[in-house]
Amino acid sequence: MFFFVGVFPRERELAVASLRCDHCHEEAAQHVVESGSRLWVFFVPLFTFARRYVMVCANCGWTTEVSREFATRLERAATQERPPR
Ligand SMILES: [Zn+2]
């Protein structure tokens, strides 16, 4: 019996916020990204684990790890700002 099992990295951009960077001290777009590992079985994605949330500065590329609460708060604010389709 064969099982096709794989774990692949997964990245998803949650929001883009204009905030002051801790590294370059410029107010620039900060990309909030959720990264983790996703388990695939028979080419079907089952679940994502080992999630972490990072904020990447568009000006200097500095990456800062942020809390899940902070990332989801920025995601919620970004989705509320988008105009309805
Ligand atoms: Zn920066």
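Bear in mind that the values in this text are calculations on the coordinates, not laboratory data. Not measured: the values here are computed from a predicted model. Positions of Cβ are generated from backbone atoms using ideal geometry, with glycine treated the same way; all protein chains shown enter the neighbour counts.
Computed from Cα atoms, the angle from the helix 68-81 axis to the main principal axis of the chain rounds to 70 degrees.
How much mean residue ellipticity at 222 nm does the chain get from its helices, if each DSSP H run of length 4 or more adds -39500 (n - 2.57) and you divide by all residues, to the nearest 500 deg cm²/dmol? The helix-only estimate for the chain comes to -5500 deg cm²/dmol at 222 nm. Spin-label model, Glu69/Val7: points 7 Å from Cα along the beta carbon direction are separated by 2.9 nm. Here the simple spin-label model places points 7 Å from the Cα toward Cβ, and for Phe43 and Val16 these points are separated by 3.3 nm.
Each residue of region 16-30 is assigned a 3J(HN,Hα), and the resulting list reads 10, 10, 8, 9, 7, 7, 6, 9, 9, 6, 9, 7, 9, 5, 10 Hz, derived from the Karplus form 6.51 cos²θ - 1.76 cosθ + 1.60 (θ = phi - 60°), x at Gly and Pro. Its alpha carbons considered, the chain gives a radius of gyration followed by a Dmax of 16.0, 57 Å.
Which whole-number percent gives the relative contact order of region 21-85, counting Cα pairs below 8 Å spaced six or more residues apart?
Values: 82 pairs, mean separation 17.9, N = 65.
So the answer I get is 27 percent.
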